[in-house]
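Participant: Below is a structure I'd like to ask you about.
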Amino acid sequence: MFKKNSLLIAYIFFFNSIAYSQIIIPDKVRQGIVIEHFNGNVLAEKNADQKISPASMTKIMSAIIVFDQLKNKKIKLTDQFVVSKNARNATRSGESSMFLVPGDKVSVEDLLRGLIITSGVDASIVLAEGIAGSEEQFINLMNEKAQIINMANTRFSNSSGTFSPDNYSTVRDIALLSSYLINNYPQYYKYFKEKDFLWTRTGGNPIKQENRNTLLFTDQEVDGIKTGHLKDSKYSIAVTKKKDNRRIIVVISGLPTMSSRAESSRLLLNNSLSKIDLFKIPYDKDKFKIKIWNGSSNYLDVRGTNKDAIFINLPKNLKNPKIRTELVYEYPLQIPIKKFEKVAVLKIYNNKDLIDTQDLFAQKDITNKNIFFKGIQNISHYILQ
């Protein structure tokens, strides 16, 4: 917050720009959100903070917990977990299954494919038990991770997304989760775009099951993420499309049919890419710099969440846009300042209209300058001369 008596410093500069166009979420969608992954901008939303049953989109978090364990070298893809009777019996009639047999030893990589592609309830429980000892302990890891990702309106009560009033989220939180997955685990994200999985099971013929994300089969630029379906929440999906230097994430819930889910998500992905552009504002060294009073440095460089530039979304159909930016901060800044602490806001205008704001963060630590000591240094320097 800025103090009422503080001096607001503003640097203005201009850019040739693009345009802004509204993305309409279809009526069939109960809850929905569209995100520009590159900068986190919300392009459209509808009941984005309304509680939903995430269904099998829950498995995105289950996969992330497995990826955490792989990253920390606590497990390997080649490790084998034993299938418990609990894992087999937990799969109820009509639910997705990898068709695991109690007593089987299955590799972590096969279980991941069974979790992500097949959407197996049994695969999720075997992974949970193998990593944490029990599904209950694994759920604790899931909820701890949700807090780290800032999923403020999410609570997990199982690892697979089977219906429970205590297993809930929002489309906004699922979009955050999806973005976290893409940013942090590119080496494992490949599993989410695989179209099918052939499971060579024990004591039976191999079973091949297809990914329920039908957009993977119709659009080569779609590469994930996870579908869901429950009787109460209907059909849902977290889906993403990467084209050129952009990636759009769509999360929708409450669709009446599988086909309407595919149709609505395809429409939102394509409209976001065809009607809206991603516009780059470079970090001008003189503009993105704040003067510091009585600090260990005279100036402080500031940056947004993206280290390369500020990126905003504008429509492609805007005529003669004129973009100006305003760097706003409290002067003098309160010292000490920690690296990556929020210290300013960039306001972005098209002519007189405010179209976006982006937080700016300190790029180094600033400590208090010892004025008395500096004064003694200056006096000593003068006497010696």
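Participant: Please determine whether any residue of region 149-164 is surrounded by 18 or more Cβ atoms within 10 Å (Cβ to Cβ) and within 18 Å of Asn47 (Cα to Cα).
Facilitator: Yes, region 149-164 contains a residue that is surrounded by 18 or more Cβ atoms within 10 Å (Cβ to Cβ) and within 18 Å of Asn47 (Cα to Cα).
Participant: How about region 55-96: which of its residues are of a type in the set (Asp, Glu) and either under 13 Å from Val121 (Cα atoms) or outside the structural domain of Ser119 (by TED's automatic domain parsing) (or both)?
Facilitator: Of the residues in region 55-96, the ones of a type in the set (Asp, Glu) are 68, 79, 95.
Matches in region 55-96: Glu95 only.
Participant: Shifting gears a bit: Can you pull out every residue in region 225-234 that is at pLDDT below 95 and either closer than 18 Å to Lys195 by Cβ or among the hydroxyl-bearing types (Ser, Thr, Tyr) (or both)?
Facilitator: Matches in region 225-234: Ser233 only.
Participant: When region 336-363 is examined, which residues are found to be part of a loop (DSSP other than H, G, I, E, B) and either at pLDDT 95 or above or closer than 23 Å to Lys291 by Cβ (or both)? If you could, list the steps in order and put the result at the bottom.
Facilitator: Going residue by residue through region 336-363, those that are part of a loop (DSSP other than H, G, I, E, B) are 336, 338-341, 351-352, 363.
Within region 336-363, Pro336, Lys338, Lys339, Phe340, Glu341, Gln363 meet the criteria.
Participant: Right, next: Among Ile174, Ile182, Ile116, which is within 25 Å of the chain's Cα centre (by Cα) and either hydroxyl-bearing (Ser, Thr, Tyr) or surrounded by fewer than 22 Cβ atoms within 10 Å (Cβ to Cβ) (or both)? Can you show your working first?
Facilitator: On the way: Ile174 fails: either hydroxyl-bearing (Ser, Thr, Tyr) or surrounded by fewer than 22 Cβ atoms within 10 Å (Cβ to Cβ) (or both); Ile116 fails: either hydroxyl-bearing (Ser, Thr, Tyr) or surrounded by fewer than 22 Cβ atoms within 10 Å (Cβ to Cβ) (or both).
From the options Ile174, Ile182, Ile116, the qualifying one is Ile182.
Participant: For residues in region 197-211 being farther than 18 Å from Ser107 by Cβ and at pLDDT 95 or above, which is surrounded by the fewest Cβ atoms within 10 Å (Cβ to Cβ)?
Facilitator: Residue satisfying both the conditions and the ranking: Glu210.
Participant: Among the residues of region 296-335, what is the count of those that are assigned to a loop (DSSP other than H, G, I, E, B) and either surrounded by fewer than 18 Cβ atoms within 10 Å (Cβ to Cβ) or not assigned by TED's automatic domain parsing to the domain that holds Asp356 (or both)?
Facilitator: 15
Participant: Just one of Asn150, Asn158 is part of a loop (DSSP other than H, G, I, E, B), under 16 Å from the mean Cα position of the chain (by Cα) and at pLDDT 95 or above; which is it?
Facilitator: That would be Asn150, the only listed residue that is part of a loop (DSSP other than H, G, I, E, B), under 16 Å from the mean Cα position of the chain (by Cα) and at pLDDT 95 or above.
Participant: Please name all residue pairs, on different chains or six or more residues apart, with Cβ atoms under 7 Å, provided the first residue is in region 201-221 and is closer than 30 Å to Val101 by Cα and acidic (Asp, Glu) and the second residue is modelled with pLDDT of 95 or more and loosely packed, with under 13 Cβ neighbours inside 10 Å.
Facilitator: The qualifying pairs are Glu210/Lys195.
Participant: crowded, with 20+ Cβ neighbours inside 10 Å and of a type in the set (Asp, Glu), is that true of Asp104?
Facilitator: Working: crowded, with 20+ Cβ neighbours inside 10 Å: no; of a type in the set (Asp, Glu): yes.
Considered against the rule, which asks whether it is crowded, with 20+ Cβ neighbours inside 10 Å and of a type in the set (Asp, Glu), Asp104 comes out as no.
Participant: Considering only region 116-135, I want to know if a residue exists there that is free of Cβ contacts under 8 Å to residues at least 12 places away in the same chain, under 29 Å from Thr78 (Cβ atoms), part of a helix (DSSP H, G or I) and of a type in the set (S, T, N, Q).
Facilitator: Narrowing region 116-135 to residues free of Cβ contacts under 8 Å to residues at least 12 places away in the same chain: 132-134.
Okay, now just the ones that are also under 29 Å from Thr78 (Cβ atoms), so 132-134.
After this cut, where a residue has to be part of a helix (DSSP H, G or I) as well, the list is 132.
Checking which are of a type in the set (S, T, N, Q) leaves us with none.
No.
Participant: When you scan region 242-268, how many residues do you find that are touching a residue at least 24 places away in the same chain (Cβ under 8 Å) and either outside any helix (DSSP H, G or I) or touching an Asp or Glu at 6+ places or on another chain (Cβ under 8 Å) (or both)?
Facilitator: Residues flagged as touching a residue at least 24 places away in the same chain (Cβ under 8 Å) and either outside any helix (DSSP H, G or I) or touching an Asp or Glu at 6+ places or on another chain (Cβ under 8 Å) (or both) within region 242-268 amount to 14.
Participant: A follow-up question, please. Taking Tyr168 as the residue in question, decide whether it is among the aromatic types (Phe, Trp, Tyr) and surrounded by fewer than 19 Cβ atoms within 10 Å (Cβ to Cβ).
Facilitator: On the way: among the aromatic types (Phe, Trp, Tyr): yes; surrounded by fewer than 19 Cβ atoms within 10 Å (Cβ to Cβ): yes.
When the stated conditions are applied, Tyr168 passes them.
Participant: Among (1) touching an Asp or Glu at 6+ places or on another chain (Cβ under 7 Å); (2) at pLDDT 95 or above; (3) within 21 Å of Arg212 (Cα to Cα), where does Glu109 come up short?
Facilitator: (1)
Participant: So which residues in region 66-95 are surrounded by fewer than 23 Cβ atoms within 10 Å (Cβ to Cβ), modelled with pLDDT of 95 or more, part of a helix (DSSP H, G or I) and not charged (D, E, K, R)?
Facilitator: Result: Phe67, Gln69, Leu70.
Participant: Out of the residues in region 226-249 that are under 23 Å from Asp277 (Cα atoms) and among the hydrophobic types (A, V, I, L, M, F, W, C), state the one that is surrounded by the fewest Cβ atoms within 10 Å (Cβ to Cβ). Full working, then the answer.
Facilitator: So in region 226-249, the residues under 23 Å from Asp277 (Cα atoms) come out as 238-249.
Subset that is among the hydrophobic types (A, V, I, L, M, F, W, C): 238-239, 248-249.
Values: Ala238: 29, Val239: 28, Ile248: 25, Ile249: 28.
Within region 226-249, the match that is surrounded by the fewest Cβ atoms within 10 Å (Cβ to Cβ) is Ile248.
The values are calculated or read from the model by the stated rules, or taken from the named source; none is laboratory data. Keep in mind it's a predicted model, so treat the numbers as computed, not measured. Because the Cβ atoms are built from the backbone with ideal geometry, glycine has one as well, and the counts that use them run over all protein chains shown.
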